[in-house]
Structure formats: C-alpha cells, structure tokens
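What follows is a short report on a single structure.
The values are calculated or read from the model by the stated rules, or taken from the named source; none is laboratory data. All values reported here derive from a predicted model rather than from experimental measurement. So basically every Cβ, Gly included, is an ideal-geometry build from the backbone, and we count neighbours across all protein chains shown. Ligands, DNA and RNA are excluded from the accessible area calculation, which covers all protein heavy atoms including side chains. Shrake-Rupley method; radii C 1.70, N 1.55, O 1.52, S 1.80 Å.
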Amino acid sequence: MQLMADRPVISVCIPTLGREALVQRSVPSVLAETDLAVEVVVAVNGPGALPDDELLRDPRVTVVPGVEGSVGAVRNAAAAAASAPVLVFLDDDDEFLPGGLRDLSTPFDDPDVAFVSGRLESVDGAGVRTKVVEPEQLGALFADLYATQLAGGFAMRASLFDAVGGYDERLRFSENYELCMRLGRELARTGSRSVVTGTIVSRYWPSGRSYVDQSADCAEVILETHGELIDRDPKLKAQWEALAGVALFRAGRHRRGRTHLVRAARARPADWRNWYRLVLTLVPPLAKRVWGR
C-alpha cells in the first residue's frame, strides 16, 4: 500500500490494561514505520489511565478509554474507532519488527486480497528468540485457511472484519483463534484471497499468565458457536469435546468436564484415549497429576 497523506492505510488496534509495556514496545514499534501512513488505536480496558507519555500525544495515536468487558470487547472497541481500510491487532506487550507493517500491508494493493498473514518470532523474557511461529493449515473449522492466528501476525480488510461481526466478546482467551475460524469461512464463501508473506513481521513476548479458566470457557464457546460444523465430523467432535473436558477438569469444574469427556468417547468409541481420559476423571488426584492445573 502506498503512503497516503490524508488517511492512514493501516490501523493497528491495541487493547491494554494500562501497562507500562504499552509505551515501551508496542506503540513505538508501530510509529517507527515512518514511510507508511499508520494509525494506532489504543483501547483501555476498565477505568485505568494510560501513562502520560509523549508517544500517546502523537497525532497518529487515538486512545479509547474505559472499555468494559473481555479482551474481545476491547479489541472491538479499538476497531470501531479505527479509520483505515486495513486492520491489524497487536497485544500491548508485543511489537512489530522494522518493515513488518509494510510487509503486511503491501499485498492489499491487490483488490482481491482480503487477508494477509506473516511469520512471528517468539522470544524469552530477555528478548532472545526461542522459535519462529510459522503460518499453518488451520483445518476444516477455518475452511482450510493457511495462516498465522496470533495477534500481530495477520491483517485484514476492515470490511472483512465487519462481515464476520468482529471478535466474540464472550471469549477471554483464544479470541484470535476463534475469529480466524469465521474469517476463513468468509474468505471461502466470497472467494477473496488470503496471502502469506515470507517475512517475520512481529515479535511475540511471553506473558507469564495462566489461562486455565479462560481456556475452559473458550472450548465451550467454540463448541456452542461452531457446533453444527463440529458435529459433522466424529474425529473433530471428539477432539473438541476432549479439549473442553480436560480444560474444565483442570479448572476444577469436574462434573462439567466429565460430561464433555463422555461426549468425546461417544463420538469416537474406538479411540482408547477418550476412554483413558474418562477413567482418569474417576480418580481426581490422578487426573490432577496427569493434567496439572
């Protein structure tokens, strides 16, 4: 995409809890793209205030304060305030690498392209690369979309984001994963193109947070939202029921977790692993040892 003086070509949407990391990494990494007309929209979850920093007074930065709800709700609020035709979502403690936004935005010069995905590097707490996250074939729930589904690793036309209804605000975890399910199916439905760049576009820092309860809720939301498609494939049904069951059991919601594991066994009774998981739930201390919390 070419530089436009009157309008940003790409909006980077950043949800935050007002953490200092916002100023240290994410916003500066976007504003460093001086040869690209960028916009940063920072949506603040809850009543907290952002640090008074010169970067946040940059005319390219818009702050949306006091957004209530899940991380999906905060991401949606940022997208609603964005003005560019292309959206990217970035977590507040991650960053784009030099040229990363340019690489994500250039393919949109082709009007048939609606989604672009890049590679990411994962780093340790000292910033040393631990691995490169590659795009992958995401499977039937994604209409076989080949992409990266981590924040900072993909961009889309705002019209595509609107067409699928944005993020599911019930989710507190894996909201990008679930969004990409709907994006992939919408791309397949409309025949729009998805493109993968060959470059590493962003850096993913470890959060150090635990998502046991959130992952349990996520699995159940996905089963509810995409159940009609999941139910068509016994293998897929068993996988998601087992995922929900183990996550719920790890979160201490044993009865509900066992219900999902029973469904997994019924979906694929010939798979011994489903019965093994179910038997584990009859001895909670053993299940805890195997699965942890």
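Here's the yes/no breakdown for (1) exposed (fewer than 14 other Cβ atoms within 10 Å of the Cβ); (2) in contact with a Phe, Trp or Tyr (Cβ under 6 Å, 6 or more places away or on another chain); (3) of a type in the set (G, A, S):
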site	(1), (2), (3)
A32	no, no, yes
D35	yes, no, no
V40	no, no, no
P47	yes, no, no
D52	yes, no, no
R60	no, no, no
G69	no, no, yes
G72	no, yes, yes
A77	no, no, yes
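For a quick check of your reading: which helices (runs of 4 or more DSSP H) sit entirely within region 229-293 and have at least 3 residues that are modelled with pLDDT of 90 or more?
Values: elements: 234-250, 254-267, 272-280, 284-291.
The helices (runs of 4 or more DSSP H) meeting that bar are 234-250, 254-267, 272-280.
Select from region 133-159 the residues that are more than 12 Å from V116 (Cα to Cα) and touching a helix residue (DSSP H, G or I) at 6+ places or on another chain (Cβ under 9 Å) and list them in ascending order.
First pass over region 133-159, keeping only residues more than 12 Å from V116 (Cα to Cα): 133-134, 136-144, 150-151, 158-159.
Matches in region 133-159: L138, G139, A140, L141, F142, A143, D144, L150, A151, A158.
Return yes when V61 is of a type in the set (A, V, I, L, M), modelled with pLDDT of 90 or more and under 19 Å from the mean Cα position of the chain (by Cα) and no when it is not.
Details: of a type in the set (A, V, I, L, M): yes; modelled with pLDDT of 90 or more: yes; under 19 Å from the mean Cα position of the chain (by Cα): no.
Against the criterion (of a type in the set (A, V, I, L, M), modelled with pLDDT of 90 or more and under 19 Å from the mean Cα position of the chain (by Cα)), V61 does not qualify.
If I ask for residues that are outside any helix (DSSP H, G or I) and open to solvent by less than 10 Å² (accessible area, probe 1.4 Å), which ones from region 16-30 would you list?
Pass one, region 16-30, residues outside any helix (DSSP H, G or I): 16-20.
Scanning region 16-30 gives a single hit, T16.
Looking at this structure, is R119 at pLDDT 95 or above and touching a helix residue (DSSP H, G or I) at 6+ places or on another chain (Cβ under 9 Å)?
Values: at pLDDT 95 or above: yes; touching a helix residue (DSSP H, G or I) at 6+ places or on another chain (Cβ under 9 Å): no.
Taking the combined requirement at face value, the residue does not satisfy it.
Here's the yes/no breakdown for (1) open to solvent by 60 Å² or more (accessible area, probe 1.4 Å); (2) within 21 Å of the chain's Cα centre (by Cα); (3) among the polar types (S, T, N, Q):
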position	(1), (2), (3)
A247	no, yes, no
R256	yes, no, no
D271	no, no, no
V279	yes, no, no
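Among the residues of region 187-221, which ones are more than 30 Å from D124 (Cβ to Cβ) and either within 14 Å of the chain's Cα centre (by Cα) or part of a loop (DSSP other than H, G, I, E, B) (or both)?
Answer for region 187-221, where residues must be more than 30 Å from D124 (Cβ to Cβ) and either within 14 Å of the chain's Cα centre (by Cα) or part of a loop (DSSP other than H, G, I, E, B) (or both): G191, S192.
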